[in-house]
1. Can you tell which of B:R112, B:R104, B:R81 is of a type in the set (K, R) and closer than 20 Å to B:G163 by Cβ?
2. Return the total of residues in region B:78-109 being closer than 23 Å to A:I90 by Cβ and within 18 Å of the chain's Cα centre (by Cα).
3. Which condition breaks for B:A247 when tested against (1) out of contact with any helix residue (DSSP H, G or I) (no Cβ under 7 Å at 6 or more places or on another chain); (2) free of Cβ contacts under 8 Å to residues at least 40 places away in the same chain; (3) not in a loop (DSSP other than H, G, I, E, B)?
4. Can you tell me which residue within region B:43-68, out of those that are without any contact (Cβ under 8 Å) to a residue 60 or more places away in the chain and hydroxyl-bearing (S, T, Y), is surrounded by the fewest Cβ atoms within 10 Å (Cβ to Cβ)?
5. If you check A:K97 against the conditions, is it more than 24 Å from B:A120 (Cα to Cα), under 17 Å from the mean Cα position of the chain (by Cα) and among the basic types (K, R)?
6. Could you list all residues from region A:68-84 that are free of Cβ contacts under 8 Å to residues at least 60 places away in the same chain, more than 10 Å from chain B (Cβ to nearest Cβ) and under 22 Å from A:H17 (Cβ atoms)?
7. Which count do you get for residues in region B:104-114 that are facing chain A (nearest Cβ under 7 Å) and surrounded by 17 or more Cβ atoms within 10 Å (Cβ to Cβ)?
8. Across region B:205-229, what is the number of residues that are part of a helix (DSSP H, G or I) and either of a type in the set (A, V, I, L, M, F, W, C) or surrounded by fewer than 22 Cβ atoms within 10 Å (Cβ to Cβ) (or both)?
Amino acid sequence: MSKPLILLHQEALRRTHPVFDAAPAETKAIYVWDDAFFKDANYSLKRLVFVYETLCELPVDIIRGGTLETVLQLAPSLLYIPAANNPLLISLIDSIKKEVPAKIVEDEPFVTLQRKTEFRRFFQYWNKAEKTAFLLDGSEDA
Amino acid sequence: MTSTLQTCFDDRDSLIAYVKKLAPWADGAASQIQGGRLKAEMRLAAINPIKYGGSRNFGDGHVTRLSPYIHHGVLSLNEVRNHALSQCSQPVQITKFIQELAWRDFWQLVLRAHPHWAWADVEPYKTGFSAQDYADALPADIAEGKTGVACLDAFINELIETGYIHNHARMYLASYVVHYRRVKWQAGARWFLQHLLDGDIASNNLSWQWVASTFSNKPYIFNLENVERYFGKLVDTSPALNQPLHATYETLQLGLFPNLGMTL
């Protein structure tokens, strides 16, 4: 019987990321060492070593392969994935979501913005963010 | 069948050799800056968010060097902010520090709303030139740190060797690439992403666009006097070895943006 799985990626390399709380206790976490992704991103060895030594401190299995292919092979009942910002990662996650049931888990917020607003200049953002940026957990409820 | 990779090593050299075997195509050597939560926590414990405010623009200022850990999610922005708050008696003491964290949050929100801005000009250049006037590729002398401009070569060598340079140095290099050498910001952004341990498409690429003026109201330029002020103790700022930068802003502006005159 298939089980849930956490798929970490390089923007969420910590044990305290909310994805670990979102998944049921004891859910296994994996990180796919995806050569094609790294080549596409044109990473130098410095960056790869930094990622690898960070992974070595985490409770995660590092699996070498294509990300989508590896996930399909493992066939989880539900895949928990931290939300990403890099468009390359977002595109990869979108391709996974088409094939496997997945739940995207956002990182803890920095500030509380009352409503979704589009910003073009920093101070448009800061005028809204300043109210909670100086509060613990970026929230008046903390 | 999937098989898992090794995660226990006798020492860092063994780990580096293992990663080299995994990625023989990857350029360069490992950085002295180490990944991992333990290193991140040590660095977080050492920050001084109050002194940061007055010294952050200086090469030897109280910058935190947390960005590689923040980019990889080893530390969250929230966690860093909460720690900084515990280091001050009044939040106003750490306004600049909080704002720098906020810049990262801002860039992420912008890119999420407009993913195509990662590589497309958000706005036209405001330099008197159009995008077609800029070269597509990064010249080899820049990529190799052999521009002949001593301070810039020092910054480039540090970038290549460590994967980290001060934010002010990043702005100098971006300005040099785009405005002094008239190369598209995309070529420079790609180069930074290859090397920077904190290389984040949102912060990196949108900052390049800010310098280029495709996501700001005017191009960012600098001169040798500015480098001398902020990095004079750290890099060679002698006029003889930094000729292209040794000029007043008025002279530079006329030379770099001849179609604009003095309208900046």
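The values are calculated or read from the model by the stated rules, or taken from the named source; none is laboratory data. The structure presented is a predicted model; accordingly, all values stated were derived computationally and were not measured. As a convention, Cβ positions derive from the backbone with ideal geometry for all residues, glycine included, and neighbour counts pool all protein chains shown.
1. Details: B:R112 fails: closer than 20 Å to B:G163 by Cβ; B:R81 fails: closer than 20 Å to B:G163 by Cβ.
After applying the criteria, what remains is B:R104.
2. Of all residues in region B:78-109, those closer than 23 Å to A:I90 by Cβ come to B:78, B:101-109.
Still in the list and also within 18 Å of the chain's Cα centre (by Cα): B:101-108.
Of the residues in region B:78-109, 8 are closer than 23 Å to A:I90 by Cβ and within 18 Å of the chain's Cα centre (by Cα).
3. In the conditions (1) out of contact with any helix residue (DSSP H, G or I) (no Cβ under 7 Å at 6 or more places or on another chain); (2) free of Cβ contacts under 8 Å to residues at least 40 places away in the same chain; (3) not in a loop (DSSP other than H, G, I, E, B), B:A247 misses (3) alone.
4. The residue in question is B:S55.
5. On the way: more than 24 Å from B:A120 (Cα to Cα): yes; under 17 Å from the mean Cα position of the chain (by Cα): yes; among the basic types (K, R): yes.
Considered against the rule, which asks whether it is more than 24 Å from B:A120 (Cα to Cα), under 17 Å from the mean Cα position of the chain (by Cα) and among the basic types (K, R), A:K97 comes out as yes.
6. A:L68
7. So in region B:104-114, the residues facing chain A (nearest Cβ under 7 Å) come out as B:105-106, B:108-113.
If we keep only those that are surrounded by 17 or more Cβ atoms within 10 Å (Cβ to Cβ) too, we end up with B:105-106, B:108-111.
So the answer is 6.
8. Taking region B:205-229 first, the residues part of a helix (DSSP H, G or I) are B:205-212, B:224-229.
From what is left, the residues that are either of a type in the set (A, V, I, L, M, F, W, C) or surrounded by fewer than 22 Cβ atoms within 10 Å (Cβ to Cβ) (or both) are B:206, B:208, B:210-212, B:224-229.
Going through region B:205-229 one residue at a time, the tally reaches 11.
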